[in-house]
Amino acid sequence: SITNFFHIQLNPTPILQLLQIFLFTLAFYTTKYAMYRFIGYLTESEDATNLILSHFSIFYQTLAIFLVPLSVIIPFIQFQFVFYFLCLTFFILLTFSILRTYRALLLSLQMKFSFLHIFLYLCTVEIVPLIYSIKLLKMWV
């Protein structure tokens, strides 16, 4: 299986594995959404926050259009090709993350936010949760 290929040890039953992954993903994006709302409230820019969140929603829906077929195909392909499909998946994720951050920066510059706000945004909402989630995943794996 894929978990054996990458030497990942999760819960022994597949249902618990799926539940664990689902709960981690749900907690990550819920926390990220709450941080966006909180920062929008603190900076008194709820309208800008709503605009950025709506753009992110469109990005995530488009990303799902690309990733769902790959997720469905992976269990049915030969094991030797799984690695290439996973690399393609990570490449798509990375590309969409870069495009999403670029779009957020463009929107922030159009709304005449200061560079300090943009820097704080990148640190608190993009970089820190990513580093923290990597740390949590390393503890679980």
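Can you find a residue in region 51-62 that is open to solvent by less than 80 Å² (accessible area, probe 1.4 Å), closer than 23 Å to ILE131 by Cα, among the small types (Gly, Ala, Ser) and part of a helix (DSSP H, G or I)?
Checked region 51-62: at least one residue is open to solvent by less than 80 Å² (accessible area, probe 1.4 Å), closer than 23 Å to ILE131 by Cα, among the small types (Gly, Ala, Ser) and part of a helix (DSSP H, G or I).
For the subset of region 112-129 comprising residues that are hydrophobic (A, V, I, L, M, F, W, C) and open to solvent by less than 60 Å² (accessible area, probe 1.4 Å), which member is nearest to the chain's Cα centre (by Cα)?
VAL125
When the residues of region 23-40 are filtered to those that are open to solvent by 80 Å² or more (accessible area, probe 1.4 Å) and touching a helix residue (DSSP H, G or I) at 6+ places or on another chain (Cβ under 8 Å), which remaining residue is farthest from SER97 (Cα to Cα)?
Restricting to residues being open to solvent by 80 Å² or more (accessible area, probe 1.4 Å) and touching a helix residue (DSSP H, G or I) at 6+ places or on another chain (Cβ under 8 Å), the top hit is ARG37.
Filter region 68-107 for residues that are among the small types (Gly, Ala, Ser) and surrounded by 13 or more Cβ atoms within 10 Å (Cβ to Cβ); which is modelled with the lowest pLDDT?
Per the stated criteria, the residue is ALA104.
When you scan region 23-50, how many residues do you find that are in a helix (DSSP H, G or I) and touching a residue at least 12 places away in the same chain (Cβ under 8 Å)?
11
The values are calculated or read from the model by the stated rules, or taken from the named source; none is laboratory data. Small disclaimer: the values here were computed from a predicted structure and weren't measured. Because the Cβ atoms are built from the backbone with ideal geometry, glycine has one as well, and the counts that use them run over all protein chains shown. Keep in mind that these areas ignore ligands, DNA and RNA; they rest on the heavy atoms of the full protein, side chains included. Shrake-Rupley method; radii C 1.70, N 1.55, O 1.52, S 1.80 Å.
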